[in-house]
Amino acid sequence: MQPQRIWPKVIALLALTAITVTAPPAKGFMNPDLARILFWHLPCALLSTIFLFMGAFWAFKTISKPTPANDARLAASLDLAAVLAILTLLTGMVFSKVQWGAWWSWDPRQTSYLFVTLILLGGMALRSGLDDDIKKAKASAGYALVMLVPIAFLTFVYPRLPQVQSLHPSDTIQQGSLDSPYRMGVLFGMFAIGFVCIAIWKVRVLARALELQLADGAMAMASGSGAGDSDRGGRPGGPVVDDETAS
Amino acid sequence: MPSLWAETLAVFSKEMRSEWRSRQGFLAGGLFSVVAVVAMAFAGINGRPTPTLQAGMFTVVLLFAACITLPRVFLVEDEQRTIDLLRLLARPEAAFLGKFGACKLQILVTAAILASFYILLSGASVASPIMLIAALALESVTLAATLSIVGVLVSGARNRWVLAAAVGLPLLLPQATLSIGALRFAFGEGSQTSALQNLGGLGLFAIAMISFGPVLANAMWRLERG
Amino acid sequence: MLIAKELGKRFGSRWVFRGLQFQVSSGQVLGVFGSNGSGKSTLLRVLAGLATANEGEVALSGEVDLRRSVGYAALDLALYPDLTAQEHLDLAARLRGGGTKGWLERVGLPADQPTREFSSGMRARLRLAISMQHEPLMLLLDEPGASLDEAGRSLVQDLITEQCERGVVVLATNEPNEKEWANHAITLG
């Protein structure tokens, strides 16, 4: 990636910061000024879910074809989903302190999102424990598909159960319960943070490809001492069937 | 070529035979359950915990007992380095299902010990024995299926025992929530409708995990050259 | 016939071998030689399907199911410590097909002793029996003579001769005596 390409992302984040600072205070909140953290909180949550499903898509491809490229896309998607989930939790905690009076309120939705974050972190722990590339790719893909069941339950089913009473507003965007400037702010937040995340995703995938190219380069340099019968010269592992009988 | 069923049965028999000779899993799980039950009963010595708290403690103990004992069925293959032999001999789906069967049996026995000792020691009243049995049975199946999947995922990893718990527990948290929902009714709190909904949720989890397990095992353990 | 084309296996960013090509006809014994760490065992694991190659392909004529067509005996192939030799063979037959009759006598092992009480030579014999009981198309032997006595080595030789009538043998070794069993060779590293 070219260094100057960083600027559009920086500008996008600065613009989001500017919108956060200048947006009118939100109505109906205990602390209307600080409700503007929604511009970061909601996009992070939505983007985390998007990257999670993107991860599931690459997991599906990886489990049948565990190539380094597929694995790199899968890992980049899941890592971003986890980072965004942590940011959602952190911004949510600030919101909780300001609006509900405590950093952590054991609100069902807040807690279920903590579970989601823990599940995503479990995937990172699993990747770090495996050495073999192919095994790591397959296990990671398997986990990404397995975790869809509990995450779908925690994200889409559990908060909507009739017995679950949450402080969280539900389906805020779909129901159109946000004021227009806030709706626009959240959408811009999605764009700005998403723009940065996609750039990070691409860099991660590119970095992995370069890493493999470097390894191939090192192999080519050491080709004389590589695999294959070196006494035959040429490329390692050239025609290696040796018709001389050992006995 | 033997059928999938015959192979599953062969793996299950092998697991049971090994367990019968070593008794490691049942001993670890059983001992953990008894100790945990004594601690639970002791915690409620100066006042009986509410049904919800009882259900919560019960589920958490079962969850930890499962995390301690179940991955063993899979990880012991890694530890003994017999996983290669198993892969060479059995088709992955049969290896998964046979081992899942062994896990299921093990956790059912653990749950039965846990429930009987707890009721005996703490004198807890069970409002709905049928719900208690149904919830424990379904929770056991879900635990066994999920931890079997975790066992497949972490086999071959460094620190696999710790990793099994680190990966398994978050995956099991939603199921624990559903289990508590069903068990609190069994101990006398909440509505039957809600308890049945939770049971249904547990059942769906069990179906999802049991269906995905063989597919995952095939992806992870299938013999393939490239 | 076994054909390997442009075979490569990598651990992390390090290639163990790459661009490996060979062809072995039925009745032939391919020796895989090379210093420690040159990738002999890894190559056999790839041929057995236990490890996946990062590049290239392997084809074995007549192969339908890898489990049925490959027999694999390696030093690091562990056995179930609580099961007896007979139970191992029964398990193999129940899972993969093939027979068990006469194998224990042939490899000279007791039927009812758990393998945890076996010596390393006895374990090596049982591994040989398991690798051959289903009459595979390809037999993969990794350091087959290690820990075996004279009678054991002669058993390996007999099994190789028997396998040559049915298919191919790939033998990884550094032992000069065992190298003589091969009639083709590749050297790694």
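Only the coordinates and a few stated rules stand behind these numbers; no lab work does. Bear in mind that the values here come from a model prediction, so they are computed numbers and not experimental data. Using ideal geometry, Cβ is built from the backbone for each residue, glycine included, and neighbour counts are taken over all protein chains shown.
Annotations for the structure displayed:
- Charge dipole (debye, nearest 20) of the range B:4-225; +1 at Cβ of Lys and Arg, -1 at Cβ of Asp and Glu: 320
- Value in Å of the Kirkwood radius, where the range B:4-225 supplies the Cα pairs that are averaged: 17.8
- Placing unit charges on the Cβ atoms of the charged side chains and taking the dipole of the protein assembly as shown about its Cα centre, the candidate lying farthest along the positive direction among B:Ser22, A:Thr155, B:Pro174 is A:Thr155.
- The calculated 222 nm mean residue ellipticity attributable to helices in chain C amounts to -9000 deg cm²/dmol, summing -39500 (n - 2.57) over DSSP H runs of n ≥ 4 and dividing by all residues.
- Note: relative contact order over the range B:98-155, using C-alpha pairs below 8 Å and six or more positions apart, is 57 percent.
- Entry note: the protein assembly as shown has Rg to Rh equal to 1.04, where both radii use alpha-carbon atoms and Rh is the Kirkwood radius.
- Cross-link pairs A:Lys138/A:Lys202; A:Lys65/A:Lys138; A:Lys138/B:Lys104; B:Lys14/B:Lys99 - those with Cα-Cα distance over 19 Å: A:Lys138/A:Lys202; A:Lys138/B:Lys104
- The aspartates and glutamates within cross-link reach of A:Lys135, meaning a Cα-to-Cα straight distance under 13 Å and a gap of 8 or more places when in the same chain, are A:Asp71, B:Glu224.
- Against chain B, whose longest principal axis is taken from its Cα atoms, helix B:51-79 shows a tilt of about 20°.
- Taking Cβ atoms as reference points and 14 Å as the exclusive limit, the residues near B:Ala90 contribute a net charge of +2, counting Lys and Arg as +1 and Asp and Glu as -1.
- Which of C:Ile3, C:Thr187, B:Leu199, positive extreme of dipole for the protein assembly as shown (C-beta unit charges): B:Leu199
- Inter-label distance, nm, simple model (7 Å from Cα along the C-beta direction), C:Thr161/C:Ala59: 3.4
- Inter-chain neighbour count for A:149-160: the average number of beta-carbon atoms from partner chains within 10 Å of each residue's beta-carbon is 4.
- Tensor-based shape of chain C (alpha-carbon gyration tensor, a/c under 1.5 rounded, otherwise prolate or oblate): prolate
- Seen from B:Glu7, the other residues with C-beta closer than 11 Å to its C-beta sum to a net charge of +4, counting Lys and Arg as +1 and Asp and Glu as -1.
- Look at the alpha carbon pairs under 8 Å that are at least 6 residues apart: their mean separation over the length of chain C gives a relative contact order of 33 percent.
- Helix B:129-154 vs. chain B, principal-axis angle (Cα, 0 to 90°, nearest 10): 30
- Shielding of peptide C:89-97 by partners, expressed as the average count of other chain Cβ atoms within 10 Å per residue Cβ, is 6.
- Each DSSP beta bridge with both residues in the protein assembly as shown is either parallel or antiparallel, and the antiparallel ones are about 40%.
- Fewest-first ordering of B:Ile207, C:Ile130 by other beta carbons within 10 Å of each residue's beta carbon gives B:Ile207, C:Ile130.
- Look at the dipole of the protein assembly as shown built from charges on Cβ: of C:Leu77, B:Val60, C:Phe17, the Cα furthest out on the positive end belongs to B:Val60.
- Residue-wise HN-Hα couplings along the range C:44-57, as the Karplus relation 6.51 cos²θ - 1.76 cosθ + 1.60 with θ = phi - 60° gives them from phi, are 5, 5, 5, 5, 7, x, 6, 10, 9, 6, 7, 9, x, 8 Hz; Gly and Pro carry x.
- Fewest-first sequence of B:Met57, A:Met30, B:Met16 by Cβ atoms within 10 Å of each Cβ: A:Met30, B:Met16, B:Met57
- For the range A:17-130, the Rg and Dmax computed from alpha carbons only, in angstrom: 16.9, 52
- Computed over chain B, relative contact order equals 30 percent, with contacts defined as Cα pairs under 8 Å that lie 6+ residues apart.
- In this structure, the amide hydrogen of C:Ala172, modeled 1.01 Å from its nitrogen in the peptide plane, lies closer than 5 angstrom to those of C:Val32, C:Leu141, C:Asp142, C:Glu143, counting only residues at least 5 positions away or on a different chain.
- Burial ordering of B:Thr59, C:Thr52, fewest other beta-carbon atoms within 10 Å first: C:Thr52, B:Thr59
- Summing Cβ point charges (Lys, Arg +1; Asp, Glu -1) relative to the Cα centre of chain C gives a dipole of roughly 560 debye.
- The loop-placed trypsin sites (Lys or Arg not before Pro) in the range A:19-67, going by DSSP, that have at most 10 neighbouring Cβ atoms within 10 Å of their Cβ come out as A:Lys27.
- Under 27 Å, Cα to Cα: Lys pairs in chain C, sequence gap 8 or more or different chains: 5
- Principal-axis tilt of helix C:85-96 within chain C, Cα atoms, nearest 10 degrees: 50
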